[in-house]
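Student: Dropping a structure here in structure tokens format, bear with me for questions.
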């Protein structure tokens with residue numbers, strides 16, 4: 001009992017001593033230490049938000065595509081404004097008028113989003129040179145304080161659609177962000193800026209400072225123990241080849257359409273061109289942005305903001321034939337040496353026939369691809385859809401659709417751009433709805449045009465390039481992606497881009513199809529893509545359209561160990577070999593050889609001759 005009493009007394013004595021020490025320290029700070037007393041009188045606590053640098057983006061050869069430039073915002077706490085401040089001088093220093101001053105300062109104070117004691121942006125997007133003049137006089141204007149931010153700067157004038165742009169956050173984003181974004185912050189609106197926002201934006205820091213009544217900093221609060229540093233966003237190396245991107249944009253200047261080039265072994269996108277395009281610097285976050293933005297938006301004919309590489313839906317035309325050939329071979333609908341007699345038309349019924357162009361006899365599936373025989377593929381489509389019986393075309397069509405989805409059609413491929421669309425592959429349910437009033441239902445003959453890449457089938461240029469990748473790799477692909485790796489972290493890119501996707505096509509069926517694609521370039525419809533010293537395998541397409549047809553090409557090179565797979569789509573470009581094919585050939589040679597050979601210079605001059613290009617005022621693509 002005595003030990004317990006002693007222990008209790010010791011605890012009471014210890015607590016009492018601690019209490020006395022705390023009382024002494026408080027008395028010292030409040031009554032004796034003049035330094036803290038003076039600070040308390042003169043200073044107020046401010047919370048400064050430190051904005052991180054947004055991650056930079058470079059091409060695969062370490063050439064900068066996107067970097068940062070400084071920009072200032074001027075924030076204000078309404079309650080701390082000196083009512084006697086010289087408004088005229090303030091406006092003169094910032095280059096604004098008094099009307100703007102009043103408009104920017106007065107808010108709806110009944111709105112819970114604003115409070116007179118909470119800072120809000122007064123003026124944004126102030127250039128450093130303008131702000132430097134104002135900063136010298138900042139002490140005259142208590143309540144106002146600067147916030148250093150950064151805007152995007154583009155050392156080159158290319159890849160606007162790929163890179164995207166920034167814009168100010170709206171209230172909807174702010175309310176859903178759980179404090180991550182606040183008024184005046186910038187966020188990715190399109191392209192990589194939007195798709196990689198979480199990685200690029202970085203993390204804000206906080207600095208608590210003590211300021212006097214003139215707005216001058218007099219010290220750090222608690223010696224900065226509560227402060228946190230801003231963390232920069234991820235710097236990224238893209239798979240883009242800037243030189244190839246520039247060349248593709250030059251070839252497409254004055255045209256409408258898209259080019260997508262992919263490295264087959266990795267799925268990295270080498271070039272992604274959408275035409276017409278614009279200079280990304282023209283819509284950087286400065287005061288001149290609205291003029292350029294409005295000008296681009298007002299062009300409703302060419303629609304330069306539309307990314308035709310992954311948003312525009314197109315019928316693929318005859319480039320679909322090699323893919324359909326592979327699936328038909330796998331299902332045993334056709335054999336590699338199956339021949340077919342074509343007399344210039346395919347007879348659907350006694351009163352209806354589909355025309356085909358003139359070409360030599362078709363002796364096997366390779367020559368059908370080489371000469372792009374429509375009759376061969378009408379016949380093949382009819383057999384494929386009717387493989388389970390004449391009365392069950394839906395089963396045959398859905399079998400085809402299941403294979404096409406493995407090739408990446410009818411679905412998003414997942415590139416780092418949320419604007420990507422899925423395209424459209426019609427299945428039996430679609431035709432059941434379309435022909436619901438037909439007494440006996442629909443038949444294979446209702447949709448034979450799918451076999452030649454026409455009809456309801458719709459794909460993006462990105463999907464077309466991915467089809468070429470699957471064939472180049474003899475049966476697999478990595479999902480196309482723009483980011484090759486992160487530079488200031490060990491974190492790898494998303495695992496989905498590192499996961500191989502296979503199609504259910506036996507390896508042995510690829511050679512007959514690739515033979516046909518090689519022959520198409522060397523002695524068929526795609527001869528404009530033939531290159532000295534490089535074996536190119538490809539296929540042209542002429543996508544039917546009201547007015548002038550669309551010109552299409554897809555292919556890869558070299559045949560063995562391919563380095564590039566490519567798709568080119570030129571709206572109103574004519575038949576496939578007229579425009580898309582020579583452009584693709586030049587792009588392939590530019591990437592593999594880094595220069596254009598003398599034999600191809602005439603094609604380069606022809607494709608660069610803008611006086612010969614006529615861009616039709618016709619929005620005939622389908623979205």
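Each reported figure results from applying straightforward, stated rules to the coordinates on display, with no laboratory input. Bear in mind that the values here come from a model prediction, so they are computed numbers and not experimental data. Cβ placement follows ideal geometry from the backbone for every residue including glycine, while neighbour counts extend to all protein chains displayed.
Student: How long is the gain from residue 507 to residue 253 if the chain were fully straight, where each residue apart is worth 0.36 nm and the alpha carbon distance is subtracted?
Tutor: Numbers: separation 254, 0.36 × 254 = 91.44 nm, distance 3.94 nm.
Additional length available on full extension: 87.5 nm.
Student: Quick one: if you stick a label point 7 Å off each Cα along the C-beta vector at residue 17 and residue 535, how many nm between them?
Tutor: Inter-label distance under the simple model: 9.1 nm.
Student: OK, next. What value, in deg cm²/dmol to 500, does the helix sum -39500 (n - 2.57) over DSSP H runs of n ≥ 4 give at 222 nm once divided by the residues of the chain?
Tutor: After summing the helix terms and dividing by residue count, I get -9000 deg cm²/dmol.
Student: May I pose another question? Quick one: order 204, 391 by neighbouring beta-carbon count within 10 Å, fewest to most.
Tutor: Numbers: 204 18, 391 11.
By the 10 Å Cβ count, ascending, the order reads 391, 204.
Student: Helix 510-523 against the longest principal axis of the chain: what's the angle in degrees, Cα atoms only, rounded to the nearest 10?
Tutor: Once rounded, one gets 80 degrees.
Student: Further question on the same structure: With no solvent and one equal point scatterer per Cα, compute the Debye intensity ratio I(q)/I(0) for region 405-449 at 0.32 Å⁻¹ and report its log10, rounded to two decimals.
Tutor: Ignoring solvent entirely, the Cα scatterers give -1.15.
Student: Fewest Cβ neighbours within 10 Å first, please rank 429, 600 accordingly. Provide the component values of the computation, followed by the final result.
Tutor: On the way: 429 11, 600 22.
Result, fewest neighbours first: 429, 600.
Student: To continue, here is another question. Before anything else, pin down the relative contact order of the chain: Cα pairs under 8 Å, at least 6 apart, normalised by residue count, whole percent.
Tutor: On the way: 1271 pairs, mean separation 86.7, N = 623.
About 14 percent, as a whole number.
Student: With 10 angstrom as the radius, rank 318, 349, 177, 428 by how many other C-beta atoms surround their C-beta, starting from the fewest. Present the calculation step by step, with values, prior to reporting the outcome.
Tutor: On the way: 318 26, 349 7, 177 13, 428 18.
Exposure proxy ranking, most exposed first: 349, 177, 428, 318.
Student: Of the listed values (1) 1.18; (2) 1.30; (3) 0.95, grab the one calculated as Cα Rg over 2.2 N^0.38 Å from the structure here.
Tutor: After the calculation, the listed value that fits is (2).
Student: Going by a ≥ b ≥ c, the root eigenvalues of the Cα gyration tensor, does region 331-392 fall in the rounded group (a/c under 1.5), the prolate group (a/b larger than b/c) or the oblate group? Don't skip to the end; give the middle numbers.
Tutor: Details: a/c = 2.76, a/b = 1.18, b/c = 2.33.
Judged from the Cα gyration tensor, region 331-392 comes out oblate (a/c at least 1.5, b/c at or above a/b).
Student: Another question, then. Give the angle, between 0 and 90 degrees and rounded to the nearest 10, that separates the Cα long axis of helix 580-593 from the longest principal axis of the Cα atoms of the chain.
Tutor: Relative to the chain, helix 580-593 is tipped by roughly 60 degrees.
Student: Considering all projection directions equally, how large on average is the shadow of the alpha-carbon convex hull of region 264-365, in square nanometres?
Tutor: Working: hull surface 49.0 nm².
If I average the Cα hull's projected area over directions, I get 12.3 nm².
Student: Could you let me know the centre-to-centre spacing of region 282-324 and region 492-550, using Cα atoms, in angstrom?
Tutor: Rounded to whole Å, the Cα centres lie 25 Å apart.
Student: Also: Compute the Cα gyration tensor for region 225-316, then decide on rounded, prolate or oblate, letting a ≥ b ≥ c be the square roots of its eigenvalues: rounded whenever a/c is under 1.5, prolate when a/b is larger than b/c in the other cases, and oblate in all that remain.
Tutor: Values: a/c = 2.43, a/b = 1.25, b/c = 1.94.
Note, shape of region 225-316 comes out oblate.
Student: If you don't mind, another one. Would you mind computing the Rg to Rh ratio of region 40-176 from its alpha-carbon coordinates, Kirkwood style for Rh?
Tutor: Values: Rg = 18.1 Å, Rh = 17.5 Å.
Reported Rg/Rh, Kirkwood definition of Rh: 1.03.
Student: Once fully extended, how much extra length lies between residue 62 and residue 383, figured as 0.36 nm per residue of separation less the alpha-carbon to alpha-carbon distance? Before the final figure, lay out each step's value.
Tutor: Working: separation 321, 0.36 × 321 = 115.56 nm, distance 5.15 nm.
Here the answer is 110.4 nm.
Student: Expressed as an acute angle from 0 to 90° and rounded to the nearest 10, what is the orientation of the C-alpha long axis of helix 393-406 relative to the principal long axis of the chain?
Tutor: In the chain, helix 393-406 runs at an angle near 50 degrees to the longest axis.
Student: Stretched out fully, how many nm does the piece from residue 594 to residue 488 gain, at 0.36 nm a residue minus the Cα gap? Working shown, then result.
Tutor: Numbers: separation 106, 0.36 × 106 = 38.16 nm, distance 2.95 nm.
Contour length minus Cα-Cα distance gives 35.2 nm.
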